[in-house]
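Read the structure below first, then the notes.
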Amino acid sequence: MPTGSELVSTAPTRLALLGAGIAHSRSPAIYRRLIGDHIHYELLDLSRESDLPAEAELAVRYDGVSITTPWKAHYAAAALGGARALGAVNCLRFRDGRTEATNTDWTALREMVPAMAREHHPVLWVLIGDGVMARVFAAVMQEKGMDFVQYARSRGDEVATLDLPVRHPGGGTKIVVNACGRGFSFAGNADATWVFWDFNYAHAIHETRLPCLFGSYIDGVGLLETQAKHAIKFWSGTLSD
């Protein structure tokens, strides 16, 4: 197993993040901390699918590319291994004239969900949302044999105003996972038995309101950092499926 220093020595140096509305991203700072200040990191902020670069163009300019909302499905045909079933990727690499992709949100959550379970011992998991990140989380839970309840606007649920203690009364720690996009704000009710695990970070409304409402509020920085470490392994050829 390569050490951290060995991974950094083999890590790519020409990187980019491709998404829409990503000016707030902390990815450049995280990758510079993990790899070094010598890397070249670009933000490709593109709001129209017609403007997305072809894989061959990306391969000329970069060693590795991260993909975020709303373009995770666009390059899914290049997915390897277990990521194929997700229909979404967030990490591209270029080898011998071909593009390879994986989903490091998925590999990161396979590590983080059991860790959260060990730390909090939840009696219930609740998932909010039904987009790509919700699908990835659900796939991890299914793989681990863990049950959860899901609420989504597409099902007619008023997810923004859920009264969690009324819906799910009783003692014991309960974890609600927010897999909705940054435009969503939770304005419902909770109490100290609930943990709010937000897949978003730097969400001003949540950071202000939710720590006072829930027993614990966990933002998405930990997920971002974990998937970044997995992305470096993928680009370096050492990430296991």
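The values are calculated or read from the model by the stated rules, or taken from the named source; none is laboratory data. What you see is a predicted model, and the numbers here were worked out from it, not measured in a lab. Using ideal geometry, Cβ is built from the backbone for each residue, glycine included, and neighbour counts are taken over all protein chains shown.
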Which residues, taken from the range 139-156, are at negative phi and surrounded by fewer than 16 Cβ atoms within 10 Å (Cβ to Cβ)? GLN142, GLU143, LYS144, MET146, ASP147, VAL149, ARG153, SER154, ARG155
When you scan the range 15-36, how many residues do you find that are among the charged types (D, E, K, R) and modelled with pLDDT of 95 or more? 2
Can you report the number of residues in the range 174-196 which are more than 17 Å from GLY21 (Cβ to Cβ) and in contact (Cβ under 8 Å) with a residue 60 or more places away in the chain? 1
Residue, surrounded by the most Cβ atoms within 10 Å (Cβ to Cβ), within the range 159-186, restricted to residues that are assigned to a helix (DSSP H, G or I) and among the hydrophobic types (A, V, I, L, M, F, W, C): LEU164
Total residues in the range 116-133, condition surrounded by 20 or more Cβ atoms within 10 Å (Cβ to Cβ) and within 17 Å of ALA85 (Cα to Cα): 2
Does ALA138 count as of a type outside the set (D, E, K, R), closer than 28 Å to ARG14 by Cβ and within 16 Å of the chain's Cα centre (by Cα)? no
Output the number of residues of the range 88-144 satisfying the condition of being under 18 Å from GLY220 (Cβ atoms) and among the polar types (S, T, N, Q). 4
What about GLU57, is it closer than 30 Å to GLY170 by Cβ and among the acidic types (Asp, Glu)? no
Answer yes or no: is there a residue in the range 142-149 that is closer than 22 Å to LEU86 by Cβ and touching a helix residue (DSSP H, G or I) at 6+ places or on another chain (Cβ under 6 Å). yes
Subset tally (residues that are under 18 Å from SER27 (Cα atoms) and surrounded by fewer than 18 Cβ atoms within 10 Å (Cβ to Cβ)) for the range 73-113: 0
Matching residues in the range 195-216 (surrounded by fewer than 18 Cβ atoms within 10 Å (Cβ to Cβ) and under 18 Å from VAL113 (Cβ atoms)) number 1
With respect to HIS230, is the statement that it is in the same structural domain as CYS91 (by TED's automatic domain parsing), outside any strand (DSSP E or B) and buried (at least 20 other Cβ atoms within 10 Å of the Cβ) true? yes
